[in-house]
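Participant: Please see the structure below; I have some questions.
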Amino acid sequence: MKLKTLISALTLVACLPAQATLITDPDDPRSWQGATVGTFATLFYGSNTLANRQLVVTNQLMDDSNFNPAGFSAASLVSATGVVNSGRSLDQPNIADGFDGSYAYSCCGVSTIAAAANGIDDLWVQTLTDTVGHAVWDLGFQATKAAIFNTIDHGPLPQEAIESTVYLSNDLINWTLAVTERVWMEGIYSDTSVLWDGFVYAVGTGTNSTFRYASIIRGGPGALLSDGDNEINGVMGLQGDFTPPGGSVPEPATLALLGLGLAGIGVARRRKA
Ligand SMILES: [Ca+2]
Ligand SMILES: [Ca+2]
Ligand SMILES: [Ca+2]
Ligand SMILES: [Ca+2]
């Protein structure tokens, strides 16, 4: 297949609707970078018991796939108090770049704070504040959920994966502690060798109320770890069905196809060479 044809075909399949790969077994033996069903049972419900692991399953909290943000608008940082240290993660997806599977990054000042905070990409910032309302993203519309895109910069895992707490507001004055409603274990890339992109999680108010702003503090009650140095790639407002407005998250079958396609491109490139 010609490269152009292949890319067109991939663009087509990338627009298919979402289908989650939810964890259904409270005793699922798998571990994602050190995180198990029990890790989330402890974080969300207080302890690692079968009853709490069953709550993780019943409430559809864990999704063993990735959240592909490509093509959708990220939220904008509108208050940057305490937001510092733009860094760049070095392992790129679908490329053997010598950083594969590592948390390597370059820091600091690799871009402006705004550029790092306003795109879902390889750039991140730290929200080194304990004050709600200091580091604030505008979701751009009345969102039902907000996706928080972490960056993992080092171990120990899984604690480094979620080291922030999110608060939600409509007026920048009254803030509600966010409730985590879904975690995508594989981050943003279908290339699962990339580790720094996990975990993406979606929060809401716990009801169906909508909100316009999300504030992120380091540590706090929503965090697995509170050692003071959280890394945030970006934020995105979502609709009630966990999809960004005007589109949907590609389903795993699509991602598998995309992976095959990219492998095909690799073969084509090697043949050319
Ligand atoms: Ca790579
Ligand atoms: Ca990943
Ligand atoms: Ca960190
Ligand atoms: Ca970013």
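The values are calculated or read from the model by the stated rules, or taken from the named source; none is laboratory data. Just so it is clear, the model here is predicted, and its values are computed rather than measured. Cβ: placed from backbone, ideal geometry, glycine included. Neighbour counts: every protein chain shown. When the accessible area is computed, the model is the full protein with side chains, heavy atoms only, and any ligands, DNA or RNA have been set aside. Shrake-Rupley method; radii C 1.70, N 1.55, O 1.52, S 1.80 Å.
Participant: In sequence order, what are the phi-derived ³J(HN,Hα) couplings for the range 205-213 according to the Karplus relation 6.51 cos²θ - 1.76 cosθ + 1.60 with θ = phi - 60°, rounded to whole Hz, with x for glycine and proline?
Facilitator: Computed from phi, the couplings for the range 205-213 are 8, x, 10, 8, 5, 9, 8, 10, 10 Hz.
Participant: Below 8 Å between Cα atoms, with a sequence gap of 6+, how large is the relative contact order for the range 167-215 in percent?
Facilitator: Details: 79 pairs, mean separation 22.9, N = 49.
It rounds to 47 percent for the range 167-215.
Participant: According to a simple spin-label model (label point 7 Å from Cα along Cα-to-Cβ), what is the distance in nm between Asn48 and Ala80?
Facilitator: 4.0 nm
Participant: Rank these by accessible area, largest first, 1.4 Å probe: Ile120, Ile173.
Facilitator: On the way: Ile120 35, Ile173 130 Å².
Per-residue accessible area, sorted high to low, gives Ile173, Ile120.
Participant: Using the Karplus equation 6.51 cos²θ - 1.76 cosθ + 1.60 (θ = phi - 60°), what ³J(HN,Hα) coupling, rounded to whole Hz, does each residue of the range 82-92 give in order, writing x for Gly and Pro?
Facilitator: Ordered by residue, 3J(HN,Hα) equals x, 8, 9, 6, 5, x, 10, 6, 9, 6, 9 Hz.
Participant: Next question, about the same structure. Whole-Hz Karplus ³J(HN,Hα) for the range 136-147, in order, using 6.51 cos²θ - 1.76 cosθ + 1.60 and θ = phi - 60°, x for Gly and Pro?
Facilitator: Here the 3J(HN,Hα) series is 10, 10, 8, 6, x, 6, 6, 8, 8, 9, 10, 8 Hz.
Participant: How long is the gain from Thr131 to Val110 if the chain were fully straight, where each residue apart is worth 0.36 nm and the alpha carbon distance is subtracted?
Facilitator: Details: separation 21, 0.36 × 21 = 7.56 nm, distance 2.56 nm.
Full extension of this stretch gives 5.0 nm more.
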